[in-house]
């Protein structure tokens, strides 16, 4: 049976809790819940449909991408894809850019997964509110985030595979990078 998946760098639980505070603010004030359905993450491969029987093969492929060292990531306050998405920005990071490029190259060659490689420029971010944020509510919410400071640093230590369970996204596997 086909399931929906995506591949991401999932943030550590302590940082996810801090970010959940912002997601909850959006839910309470603007009825935005889409971003609540997944842990805080940076998307490498956007959602795609795949037969569940392919999971083990996909996990093996993800493991092969993790033959690299962990690296540091740093947030850089809030930003937006106006007028419908508010997110936490990241400082530029060559290692993350390399990981995305390697991931795109790796999976573009593997047609059996039916993934679409994103052709837009990579703009890594951590979503706070998205598809269910109306343009009107964006105008009301953005001033709350626009000048807020949110600077956190953590070690990106792996790549996760997430599967949709008809309500939320579950991390079903994480491949670890080599330790720094």
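Quick check: anything in the stretch 112-125 part of a helix (DSSP H, G or I), more than 30 Å from residue 146 (Cβ to Cβ) and touching a residue at least 40 places away in the same chain (Cβ under 8 Å)? Yes, some residue in the stretch 112-125 is part of a helix (DSSP H, G or I), more than 30 Å from residue 146 (Cβ to Cβ) and touching a residue at least 40 places away in the same chain (Cβ under 8 Å). Scanning the stretch 46-82 for residues that are touching a helix residue (DSSP H, G or I) at 6+ places or on another chain (Cβ under 9 Å), over 26 Å from residue 5 (Cβ atoms) and assigned to a strand (DSSP E or B) returns 72, 77, 78, 79, 80. Taking the criterion of being over 15 Å from residue 177 (Cβ atoms), surrounded by fewer than 20 Cβ atoms within 10 Å (Cβ to Cβ) and touching a residue at least 24 places away in the same chain (Cβ under 8 Å), the residues of the stretch 83-103 that qualify are 83, 84, 85, 89, 90, 97. Residue 170 satisfies every condition listed in (1) in a loop (DSSP other than H, G, I, E, B); (2) within 24 Å of residue 32 (Cα to Cα) except (1).
Listed conditions (1) surrounded by 13 or more Cβ atoms within 10 Å (Cβ to Cβ); (2) in contact with a strand residue (DSSP E or B) (Cβ under 6 Å, 6 or more places away or on another chain) are all met by residue 54, apart from (2). Look at (1) touching a helix residue (DSSP H, G or I) at 6+ places or on another chain (Cβ under 8 Å); (2) without any contact (Cβ under 8 Å) to a residue 12 or more places away in the chain and you find that residue 108 fails only one, number (1). Scanning the stretch 128-161 for residues that are in contact with a strand residue (DSSP E or B) (Cβ under 9 Å, 6 or more places away or on another chain), under 18 Å from residue 20 (Cα atoms) and outside any helix (DSSP H, G or I) gives 128, 129, 130, 131, 133, 148, 149, 150, 151, 152, 153, 154.
Scanning the stretch 94-127 for residues that are over 25 Å from residue 54 (Cβ atoms) and in contact with a strand residue (DSSP E or B) (Cβ under 6 Å, 6 or more places away or on another chain) yields a count of 5.
Hey, could you check the stretch 138-160 for residues that are touching a helix residue (DSSP H, G or I) at 6+ places or on another chain (Cβ under 6 Å) and buried (at least 19 other Cβ atoms within 10 Å of the Cβ) and say which is nearest to residue 98 (Cα to Cα)? Step by step, filter the stretch 138-160, then rank; the result is 159.
Every read-out reported here was derived from the displayed coordinates using simple, explicitly stated rules and does not represent laboratory data. This one's a predicted model, so the numbers in the text were calculated from it and none came from an experiment. Cβ sites come from the backbone with ideal geometry, for glycine too, and all protein chains shown count toward neighbours.
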